Amino acid sequence: MKLSLVICTHNPRRDYLNQTMAGLRRQSLPLLEWELILIDNCSEKPLAGQIDLSWHPHGRVVSEEELGLTAARQRGADEAVSELLLYVDDDNVLASDYLAQVLRLGREWPMLGAWGAGELEGIFEIEPPEWTRAYYEHLTVHKVTDDRWTNQPDLNCFAPGAGLAVRRTAVRSYFNELGTNGIRRAFDRRGQSLSSSGDMDMLWTVTRQGWGVGRFTCLKLQHLIPARRLEESYLEKMVASQWCSNILLRYVHGAHQPDRPENWLRRLSRWRYERTLLGRDRWFYDARRKGSEQAERIIAKLEQENGSIQYDQAAALLAWADEPKKGW
């Protein structure tokens, strides 16, 4: 077995998951050379017996009872038999040569511990309003124009979790380091939470282990995006959650620089700048500011607790943006 493909899903939208599966059936890599593992992460309607994997000789559904993308990814790594894992989201449609390209890159770049897509094309359920283009990166819609790799924590070279290939040795070392660390296990999605730095945490850890990571233009996929993700309220929550979790990511890896206390001159400068922001620009500026403030509150609590926070408590702290009227 050359590759283990892992799809982690929680209450999937069935028409999107069907498109994901159709893309996998079109792969040029022969079925006998890869396995398909569908991780059902606490879906309200269990997927076993509901999803037809009979077309794949090594396809199976595995149930993971701990809610959260990190737990689902870890279960996928535990179940995999190959030395190379490929994480695919339940709303991704891979280019037909994606698996073959992943294997080729793995052979040609033995120094890389993880590598992923250079092009993620957004396929929108409705025509996206023009103003949303400024926030496509928050929706995991972007494209790099050149191959890039690094063995340093350079976020520009970090591929998103959608379509991410990881060597088994590297990913197991990551999960071993993660252990029961509550805040790091809560970095990624948990139910409806929008926290989403788990893939960056994985790649940062991989580079610290001495591996390189990269993004390649030959790896292309489509990202299916429902209409609700283009709503202002959703994007505000997304921006706030990502801003918060990215600050925490830097903190746990020793790269966080706390905000300097504001003197009257800095407060005046900020006040003047804020007065120039109108409409959505102000809304999203406030979302980033509130995400930053929440991150600093969590950091203060972590230091008070000597870095020891239980997973459920950490997940609740990182889910603060899901109820903006209460949390903001």
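The values are calculated or read from the model by the stated rules, or taken from the named source; none is laboratory data. In this text the structure is predicted, and so the values were computed from the model without any measurement. Backbone-built Cβ (ideal geometry, glycine too); neighbour counts: all protein chains shown.
If the condition is being over 28 Å from GLY179 (Cα atoms) and assigned to a strand (DSSP E or B), then the range 75-131 contributes ASN92, VAL93, LEU94, GLY118, GLU119, LEU120, GLU121, GLY122, ILE123, PHE124. The condition of being touching a residue at least 12 places away in the same chain (Cβ under 8 Å), assigned to a helix (DSSP H, G or I) and in contact with a helix residue (DSSP H, G or I) (Cβ under 9 Å, 6 or more places away or on another chain) holds for only one of ARG60, ARG172, that being ARG172. Screening ARG104 with (1) within 15 Å of the chain's Cα centre (by Cα); (2) over 30 Å from GLU236 (Cβ atoms) gives one miss only, at (1).
Screening the range 209-233 for residues that are in a helix (DSSP H, G or I) and in contact (Cβ under 8 Å) with a residue 24 or more places away in the chain and picking the one that is surrounded by the fewest Cβ atoms within 10 Å (Cβ to Cβ) gives SER233. Would you check if GLU236 is touching a helix residue (DSSP H, G or I) at 6+ places or on another chain (Cβ under 8 Å), farther than 25 Å from VAL141 by Cβ and either among the aromatic types (Phe, Trp, Tyr) or in a helix (DSSP H, G or I) (or both)? Considered against the rule, which asks whether it is touching a helix residue (DSSP H, G or I) at 6+ places or on another chain (Cβ under 8 Å), farther than 25 Å from VAL141 by Cβ and either among the aromatic types (Phe, Trp, Tyr) or in a helix (DSSP H, G or I) (or both), GLU236 comes out as no. For ALA48, the test of being of a type outside the set (Lys, Arg), at pLDDT below 95, under 22 Å from the mean Cα position of the chain (by Cα) and farther than 22 Å from LEU120 by Cα is failed.
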